[in-house]
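The values are calculated or read from the model by the stated rules, or taken from the named source; none is laboratory data. Not measured: the values here are computed from a predicted model. Counting neighbours? That spans all protein chains shown, and the Cβs are built from the backbone with ideal geometry, glycine included. Note: accessible area is taken over every heavy atom of the protein model, side chains too, but ligands, DNA and RNA are not part of it. Shrake-Rupley method; radii C 1.70, N 1.55, O 1.52, S 1.80 Å.
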Amino acid sequence: MAGQFRSYVWDPLLILSQIVLMQTVYYGSLGLWLALVDGLVRSSPSLDQIFDAEILGFSTPPGRLSTMSFVLNALTCALGLLYFIRRGKQCLDFTVTVHFFHLLGCWFYSSRFPSALTWWLVQAVCIALMAVIGEYLCMRSELKEIPLNSAPKSNV
């Protein structure tokens, strides 16, 4: 394997640490977006905004603001994929993993499986946005030119 470009070695500790890091990015940035939106409309922040499936929706102003926060969070997490995962092939895997753990968190928090159609639609849109934009950003980074000569040019 030595000498191969981008050789991949199975490293479960790296994968687990990346999962924990992406979960931290997901909930940290979602909390910041919700705090910003709540501050703008003078609403009190609550864990229900993150984990209660019934809050997300398009019919009420708090539901629309929470939905907007989730969509903005997907864009922020795409940047997290760029900086912490750095592989276009793995963006979808980490995106689905983050949202799977969010599903489990919602299920645990509310003691019932999320059944609201709007919650599922918002999560599907967020998965698509996060994965596609994350892959695009990672692919742009992967396709940058590799400098072949790092020595400074001389004027001869």
Surface share of carbon and sulfur [accessible, 1.4 angstrom probe, percent] for region 70-156
67 percent
Which residue, chosen from 62, 82, 51, occupies the Cα position most advanced towards the positive end of the dipole of region 28-140, where the dipole is computed from +1 (Lys, Arg) and -1 (Asp, Glu) charges on Cβ about the Cα centre?
82
Please give the helix 91-110 orientation as an angle from the longest Cα principal axis of the chain, in degrees from 0 to 90, rounded to the nearest 10.
20 degrees
Which of 114, 16, 134 sits closest to the plus end of the dipole of the chain, meaning its Cα is farthest towards the positive end, when Lys and Arg get +1 and Asp and Glu get -1 on the C-beta?
134
Sorted from largest down, give the three principal axis spans of the alpha carbons of region 1-103, whole angstrom values.
57, 22, 19
Placing +1 at every Lys and Arg Cβ and -1 at every Asp and Glu Cβ, with all other atoms neutral, what dipole size does region 1-80 have around its Cα centre, in debye to the nearest 20?
240 debye
Computed over the chain, protein heavy atoms only, probe 1.4 angstrom, the accessible area per residue in square angstrom equals 65 Å²
Hey, got the dipole for the chain? About the Cα centre, +1 on K and R Cβ, -1 on D and E Cβ, debye to the nearest 20?
440 debye
Dividing the convex hull volume of the Cα atoms of region 52-119 by its residue count, what figure in Å³ per residue is obtained?
88 Å³
Between the helical axis of 12-41 and the dominant principal axis of the chain, each derived from Cα atoms, what acute angle in degrees is found, rounded to the nearest 10?
50 degrees
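Considering just Cα atoms, how many Å³ per residue does the convex hull of region 40-156 enclose?
Each residue corresponds to 141 Å³ of Cα convex hull volume.
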Let me check against my output: what whole-number percent is the relative contact order of the chain, with C-alpha pairs under 8 Å and at least 6 apart?
27 percent
Taking the chain and counting helices only, DSSP H stretches of n ≥ 4 at -39,500 (n - 2.57) each over all residues, the nearest-500 ellipticity at 222 nm comes to -22000 deg cm²/dmol
